[in-house]
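Notes follow the structure.
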Amino acid sequence: MNKRTINNDLKINFIRIKKTDGQQFIQIIKDHFKVGSIIDQKYKIFHEKESIFFPLVENNLIIEKLIKIIDKSIIFEIIPKKAVHRLGFKYSSLNEALNGKIPNSALSLIPKSYDIIGKIAIIEFEKPFPIPNIEEAIKYKNLIAKAVLDVNNNLQSVFEKKTEVKGPYRLREFILLYGENTSETTHKENNCSFKLDIKTTYFSPRLVFERNRISSCDIKKKELIIDLFSGVGPFSVQIAKLNDVKIYAFDVNPQAYNYLRINIELNNLIGEIIPHNMDVKDLVNPSNHLGKSLSNSADRIIMNLPELSLNFIEVACFLMKKSGGILHFYQFSEKPNPIKKTIELLKKELHKFGWVITEILSSKIVKSYSPKAELVVVDLILRHPS
């Protein structure tokens with residue numbers, strides 16, 4: 001009965017042994033292999049008459065090693081069979097899910113973290129990828145992507161981030177590694193839902209705590225708030241979910257604007273959000289009627305465009321109440337002393353338009369941006385001396 005009929009078209013192969021050899025087989029595995037490197041733990045072991053079937057990991061090299069070890073002591077057969085998932089099973093880590101499926105020399109390829117947006121995982125691999133052979137690189141990337149779904153049972157797709165944010169719409173390029181080929185999803189955050197497409201809109205799940213901080217701060221009833229770079233609405237929606245305010249939300253990307261409108265309807269808001277698809281620099285144009293109506297009316301302004309926020313200080317000054325208002329300013333700043341540099345640059349730019357900082361409410365590093373820079377947020381009160 002010692003034969004191999006491995007069919008790579010089927011999802012999984014089982015090793016069939018006699019029930020009487022079960023304990024011996026388990027002991028051999030314990031003596032020669034790491035836990036989980038032979039039996040695929042996410043599938044059920046099942047019995048049939050006098051036989052027991054163990055689900056095998058998808059690694060022909062390690063199965064070959066197993067065969068050599070048991071060939072003289074246990075009667076076995078490797079056969080393809082439909083697998084049944086163990087209800088509620090979940091790997092605790094990518095390393096556990098990949099145990100026995102990639103060689104130890106490739107373990108360094110596993111990303112230490114990845115982003116999850118709705119039902120989509122986004123992986124960023126080391127660049128350049130340390131495996132020059134394209135076919136081999138794709139193989140390992142796909143195995144790692146599959147492991148991400150094994151660890152996160154609620155996900156449906158894994159994409160690789162191919163570029164950094166670029167262009168006026170702050171978009172990245174992605175390629176599908178594993179799962180369903182859909183880039184649209186619904187992301188849930190702080191009791192809000194956001195429909196979006198990762199390929200046509202910008203969204204960072206890493207600002208979840210920052211958005212919760214802003215939406216939960218001391219916002220007065222009926223405040224007029226302007227979200228200059230709203231995207232699909234993560235700041236605006238979360239603020240309006242908790243506060244009776246009026247928010248003007250702007251984004252230059254028509255796709256982000258369309259999803260913003262959808263997300264306003266998706267969430268049961270206390271406040272009002274008025275979305276606009278436009279370049280906010282147009283607001284300072286004397287012929288812009290919306291700009292005229294909003295001039296020096298804002299109680300609070302959110303500027304979450306950290307690459308270019310300083311370029312829009314004129315717009316913020318044009319919109320802010322001259323008697324004083326709150327600005328939430330986000331900026332990528334170089335180390336060392338990124339917070340100090342952010343405040344100094346902001347003061348210099350505000351001075352050009354005759355505005356001053358009367359109080360810095362808070363300042364902090366939100367997250368690391370690169371080896372040389374940090375994402376900084378400064379909450380401050382501005383006013384015009386006149």
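The values are calculated or read from the model by the stated rules, or taken from the named source; none is laboratory data. Computed from a predicted model, the values in this text were never measured in an experiment. For neighbour counting, all protein chains shown are included, and Cβ atoms are generated from backbone atoms with ideal geometry for every residue, glycine included.
Which numbered condition in (1) in contact with a helix residue (DSSP H, G or I) (Cβ under 8 Å, 6 or more places away or on another chain); (2) surrounded by fewer than 20 Cβ atoms within 10 Å (Cβ to Cβ); (3) charged (D, E, K, R) is the only one that Glu223 fails? Here Glu223 clears every test but (1).
Please count how many residues of segment 342-386 are of a type in the set (Gly, Ala, Ser), closer than 21 Å to Asp218 by Cβ and surrounded by 13 or more Cβ atoms within 10 Å (Cβ to Cβ).
Here is the first cut: in segment 342-386, the residues of a type in the set (Gly, Ala, Ser) are 354, 362-363, 368, 370, 373, 386.
Checking which are closer than 21 Å to Asp218 by Cβ leaves us with 362-363.
Now narrow it down to the ones that are surrounded by 13 or more Cβ atoms within 10 Å (Cβ to Cβ): 363.
Here the count works out to 1.
Every listed requirement among (1) more than 19 Å from Val148 (Cα to Cα); (2) assigned to a loop (DSSP other than H, G, I, E, B) is met by Asp31 save one, (2). Of everything in segment 245-254 that is without any contact (Cβ under 8 Å) to a residue 60 or more places away in the chain and surrounded by 22 or more Cβ atoms within 10 Å (Cβ to Cβ), the residue that is farthest from Ile116 (Cα to Cα) is Val245.
Residues of segment 339-351 that are under 29 Å from the mean Cα position of the chain (by Cα) and either more than 14 Å from Ser362 (Cα to Cα) or of a type in the set (Gly, Ala, Ser) (or both): Lys341 alone. For segment 57-73, the criterion of being assigned to a strand (DSSP E or B), hydrophobic (A, V, I, L, M, F, W, C), surrounded by 14 or more Cβ atoms within 10 Å (Cβ to Cβ) and outside the structural domain of Pro234 (by TED's automatic domain parsing) is satisfied by no residue at all. Applying the condition of being part of a loop (DSSP other than H, G, I, E, B) and under 14 Å from Ile122 (Cβ atoms) to segment 201-223 and asking which residue is farthest from the chain's Cα centre (by Cα) yields Thr201. From the list Asn263, Asn296, Asn268, Asn258, the one residue that fits, being more than 20 Å from Met320 (Cα to Cα), outside any helix (DSSP H, G or I) and either under 27 Å from the mean Cα position of the chain (by Cα) or at pLDDT 95 or above (or both), is Asn268.
Here's a check for you: in segment 237-255, which residue that is part of a strand (DSSP E or B) and farther than 18 Å from Lys195 by Cα is farthest from the chain's Cα centre (by Cα)?
Here is the first cut: in segment 237-255, the residues part of a strand (DSSP E or B) are 246-251.
So of that shortlist, the ones also farther than 18 Å from Lys195 by Cα come out as 246-248.
On the way: Lys246: 29, Ile247: 26, Tyr248: 26 Å.
Across segment 237-255, the extreme among qualifying residues is Lys246.
Among the residues of segment 310-341 satisfying the criterion of being of a type in the set (Phe, Trp, Tyr) and either in a helix (DSSP H, G or I) or touching a Cys at 6+ places or on another chain (Cβ under 9 Å) (or both), which is surrounded by the fewest Cβ atoms within 10 Å (Cβ to Cβ)? Looking at the filtered set, the residue picked out is Phe318.
Is it the case that some residue within segment 345-365 is assigned to a loop (DSSP other than H, G, I, E, B) and farther than 19 Å from Phe318 by Cβ?
Checked segment 345-365: no residue is assigned to a loop (DSSP other than H, G, I, E, B) and farther than 19 Å from Phe318 by Cβ.
Quick one: in segment 183-195, which of the residues that are in contact (Cβ under 8 Å) with a residue 60 or more places away in the chain and closer than 17 Å to Val158 by Cα is surrounded by the fewest Cβ atoms within 10 Å (Cβ to Cβ)? So that I can check it myself, show each step before the final result.
Filtering segment 183-195 down to residues in contact (Cβ under 8 Å) with a residue 60 or more places away in the chain leaves 183, 185-188, 192-195.
Restricting the remaining residues to those that are closer than 17 Å to Val158 by Cα gives 183, 185-187.
Working: Ser183: 17, Thr185: 20, Thr186: 14, His187: 21.
Residue satisfying both the conditions and the ranking: Thr186.
All of Lys127, Lys119, Lys112, Lys90 fail the test of being surrounded by fewer than 19 Cβ atoms within 10 Å (Cβ to Cβ) and over 17 Å from Val148 (Cβ atoms), apart from Lys127. For segment 293-304, the set of residues classified as under 15 Å from Asp279 (Cβ atoms) and surrounded by fewer than 19 Cβ atoms within 10 Å (Cβ to Cβ) consists of Leu294 only. Of the residues Leu269, Leu283, Leu294, Leu242, the single one that is in contact with a helix residue (DSSP H, G or I) (Cβ under 9 Å, 6 or more places away or on another chain), assigned by TED's automatic domain parsing to the domain that holds Thr201 and in contact (Cβ under 8 Å) with a residue 40 or more places away in the chain is Leu294.
The set of residues in segment 167-200 being within 23 Å of Asn212 (Cα to Cα), outside any strand (DSSP E or B) and over 12 Å from the mean Cα position of the chain (by Cα) consists of Arg170, Asn190, Asn191.
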